[in-house]
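Once you've had a glance at the structure underneath, I'll fire off some questions.
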Amino acid sequence: MLPRKNRIPKSLFESVFKRTKAIQGRYFKLRFLIVKDLPTGQAGNKQSQFSFITSKTVSKKAVQRNLLRRRGYSIIQKNLKNIKTPLLAFFLFNKEAVGATYKELEADIISLLNKA
């Protein structure tokens with residue numbers, strides 16, 4: 001699991017989510033905000049932080065939704081050292097992600113982070 005310091009806290013969630021930019025991938029929609037763009041009160045942590053959002057429209061089964069989120073956090077943890085620019089990133093899963101393999105999800109996440 002990704003360390004708590006690299007996950008977006010719920011207190012920042014609503015205020016930051018509205019100001020993000022979006023990029024569409026094959027399995028995700030990435031909504032991101034570069035940390036230097038945050039107001040000083042909210043930019044306390046200068047590290048990259050991530051959140052994975054899986055709604056019931058992706059899958060009715062909680063087991064599948066949780067599996068997708070765990071895979072996402074695992075991929076980020078594995079590639080965290082490669083992320084140069086500190087950013088807040090929200091990954092929203094598409095329905096197609098349910099049938100995707102770990103490697104496909106990893107390739108999509110890496111390509112989206114490189115675009116951001």
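Just so you know, all these numbers are worked out from the coordinates, no wet-lab data involved. Everything numeric here is computed off the predicted structure, so don't read it as measured data. All Cβ positions, even for glycine, are placed from backbone atoms using ideal geometry, and neighbour counts span all protein chains on display.
Picking from Leu68, Thr85, Ile23, whose Cα lies most toward the positive end of the charge dipole for the chain (charges on Cβ: Lys, Arg +1; Asp, Glu -1)?
Positive-end residue among those listed: Leu68.
Given the -39500 (n - 2.57) contribution per DSSP H run of 4+ residues, what per-residue ellipticity at 222 nm results for the chain, rounded to the nearest 500 deg cm²/dmol?
It comes out at -11000 deg cm²/dmol, rounded to the nearest 500.
Shifting gears a bit: Based only on the alpha carbon positions, what is the Kirkwood hydrodynamic radius of the chain, in angstrom?
Numbers: mean 1/r = 0.0698 Å⁻¹.
By the Kirkwood definition, the hydrodynamic radius is 14.3 Å.
Greater than 24 Å separation of Cα atoms is the criterion. Which listed pairs, Lys21/Lys84; Lys21/Lys46; Lys46/Lys81; Lys60/Lys84; Lys10/Lys56, meet it?
Table pairs above 24 Å Cα-Cα are Lys60/Lys84.
Now for a separate question. Please give the peptides 59-70, 81-92 ranked by average Cβ packing (other Cβ atoms within 10 Å per residue), highest first, as a rough proxy for protection.
81-92, 59-70
On to the next question. Going by how many other Cβ atoms sit within 10 Å of their own, how do Ser111, Ser55 line up, fewest first?
Ser55, Ser111
Follow-up. Residue by residue through the range 89-103, what is 3J(HN,Hα) from phi via Karplus (6.51 cos²θ - 1.76 cosθ + 1.60, θ = phi - 60°)? Round to whole Hz and write x for glycine and proline.
With the stated coefficients, the range 89-103 comes to 10, 10, 9, 10, 6, 9, 5, 5, 5, 4, x, 7, 7, 4, 5 Hz.
In whole Hz, what ³J(HN,Hα) sequence does the range 68-85 give by Karplus (6.51, -1.76, 1.60; θ = phi - 60°), x for Gly and Pro?
Computed from phi, the couplings for the range 68-85 are 4, 5, 5, 4, x, 5, 5, 5, 5, 4, 5, 10, 4, 5, 8, 8, 7, 7 Hz.
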